[in-house]
């Protein structure tokens, strides 16, 4: 989830706009005309889109990783469209897994549901998931589809759900304990004190932690990783190579979370460790299933963008593009008006509970959203890589332009939520819904 909020409806009748808006400049009118020639129209209900309507996704067939963004963490159309895109990528592009901006250890429980039917899905979502933004009816519907898809298939044919985030130390110790007691019990006696010490650290403990204490704990965690590797043969003999690799990754993400939390609360580093590690974890998903594997990623626009300067040090998408070049494809999402779910920002930047917010005013006059808002179709796909050289769009995007993106929190003023960016450098495609609706949170979810 985008922790630092980017603190961030005029509805056309039918699919076509009646004519050019005279409030637009001549340049803006030309941008709209060009856009209308190139856009790929979408219907109003993403889950009802036919395979033929989604045939543009064949342009992603050669990609090893497809990153699907979102301009808020709580937009129904974004979630449903990503669900439908993932279905298509599974069925026609052989995608093997979907990686979420979610805790890796937590995702083991969810993956056990979608691959083996273990547990009650809604109960798992309410009690195990740690991000409020994923505890929604839309995510539940996706996970149910994945389980149904897997029913009756062999293990090698099944699709999987994995988290690639690294901000929590909640579940790794429990999962590692179960694994060690079943395979090499003596290892747990060594691992347990260190893992419990880290799991019990509070935000304040990280904030006041001396650097020498941090380095000492980090060294201990690295020692545990080395012990795990040293016992590889015995662990695999008593389980399987896949179980070994998953538990090795559990320990790795535990160490990552310790590093991320320390630097977040101590403020001692300008390195964006979280996105670096999330990119590593996305690569791990590919490696886990084999080098020919294709996967989909689900995260905020900011993370999946190919942005070398994201939080000062590069986004997930930037790091993946450095590794995979054009085999990593970034699909950003946009909107201009409507409702969405977000945390409200309280005093001194603190967050309240998630609630539904509304944007009713027109987009900023200098923004990309304004041009999109005046397109002939309300909902569409725009292939940024296909913009012709020498076109008005080609010239206009030679400079960075504002684009509406809201993070975890929202302060009620949409003007605060426009980020000036190189949209063509950040994304290969944009999927746009002019007016949107909020996600449906599960009732009584522990947010």
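Across region 409-435, what is the number of residues that are within 19 Å of the chain's Cα centre (by Cα) and within 15 Å of residue 79 (Cα to Cα)?
Summing the residues that are within 19 Å of the chain's Cα centre (by Cα) and within 15 Å of residue 79 (Cα to Cα) in region 409-435 gives 4.
May I ask you to list the residues in region 291-308 that are modelled with pLDDT of 95 or more and not in a helix (DSSP H, G or I)?
293, 294, 295, 296, 297, 298, 299, 300, 305, 306, 307, 308
Mind listing whichever residues of region 142-160 are in a loop (DSSP other than H, G, I, E, B) and either surrounded by fewer than 18 Cβ atoms within 10 Å (Cβ to Cβ) or modelled with pLDDT under 95 (or both)?
Of everything in region 142-160, those that are in a loop (DSSP other than H, G, I, E, B) and either surrounded by fewer than 18 Cβ atoms within 10 Å (Cβ to Cβ) or modelled with pLDDT under 95 (or both) turn out to be 151, 152, 153, 154.
Taking region 161-177 as the search range and keeping residues that are within 17 Å of residue 112 (Cβ to Cβ) and in a helix (DSSP H, G or I), which one is farthest from the chain's Cα centre (by Cα)?
Filtering first and then ranking leaves 177.
Of the conditions (1) modelled with pLDDT of 95 or more; (2) touching a strand residue (DSSP E or B) at 6+ places or on another chain (Cβ under 8 Å); (3) farther than 23 Å from residue 426 by Cα, residue 44 fails just one. Which one is it?
With (1) modelled with pLDDT of 95 or more; (2) touching a strand residue (DSSP E or B) at 6+ places or on another chain (Cβ under 8 Å); (3) farther than 23 Å from residue 426 by Cα applied to residue 44, the lone miss is (1).
Can you find a residue in region 71-91 that is over 25 Å from residue 316 (Cα atoms) and modelled with pLDDT of 95 or more?
So far as region 71-91 goes, yes, one or more of its residues are over 25 Å from residue 316 (Cα atoms) and modelled with pLDDT of 95 or more.
For a quick check of your reading of the model, give me the residue pairs whose first member lies in region 90-118 and is farther than 23 Å from residue 69 by Cβ, whose second is surrounded by 23 or more Cβ atoms within 10 Å (Cβ to Cβ), with beta-carbon atoms closer than 7 Å and at least 6 apart or on different chains.
105/172; 105/253
Quick check, is residue 56 modelled with pLDDT of 95 or more, under 30 Å from residue 153 (Cα atoms), out of contact with any helix residue (DSSP H, G or I) (no Cβ under 7 Å at 6 or more places or on another chain) and crowded, with 17+ Cβ neighbours inside 10 Å?
No.
Can you tell me which of 254, 180, 191 is within 25 Å of the chain's Cα centre (by Cα), within 30 Å of residue 286 (Cα to Cα) and assigned to a helix (DSSP H, G or I)?
254
List every residue pair whose Cβ atoms sit under 7 Å apart, with the two residues 6 or more apart in sequence or on different chains, where the first one lies in region 13-38 and is on the phi > 0 side of the Ramachandran plot and loosely packed, with under 14 Cβ neighbours inside 10 Å and the second, anywhere, is in a helix (DSSP H, G or I) and at pLDDT 95 or above.
Close Cβ pairs (under 7 Å, with a partner that is in a helix (DSSP H, G or I) and at pLDDT 95 or above) do not exist here.
The values are calculated or read from the model by the stated rules, or taken from the named source; none is laboratory data. Because the structure is predicted, anything quoted here is derived from the model rather than measured. All Cβ positions, glycine included, derive from the backbone under ideal geometry; neighbour counts span all protein chains shown.
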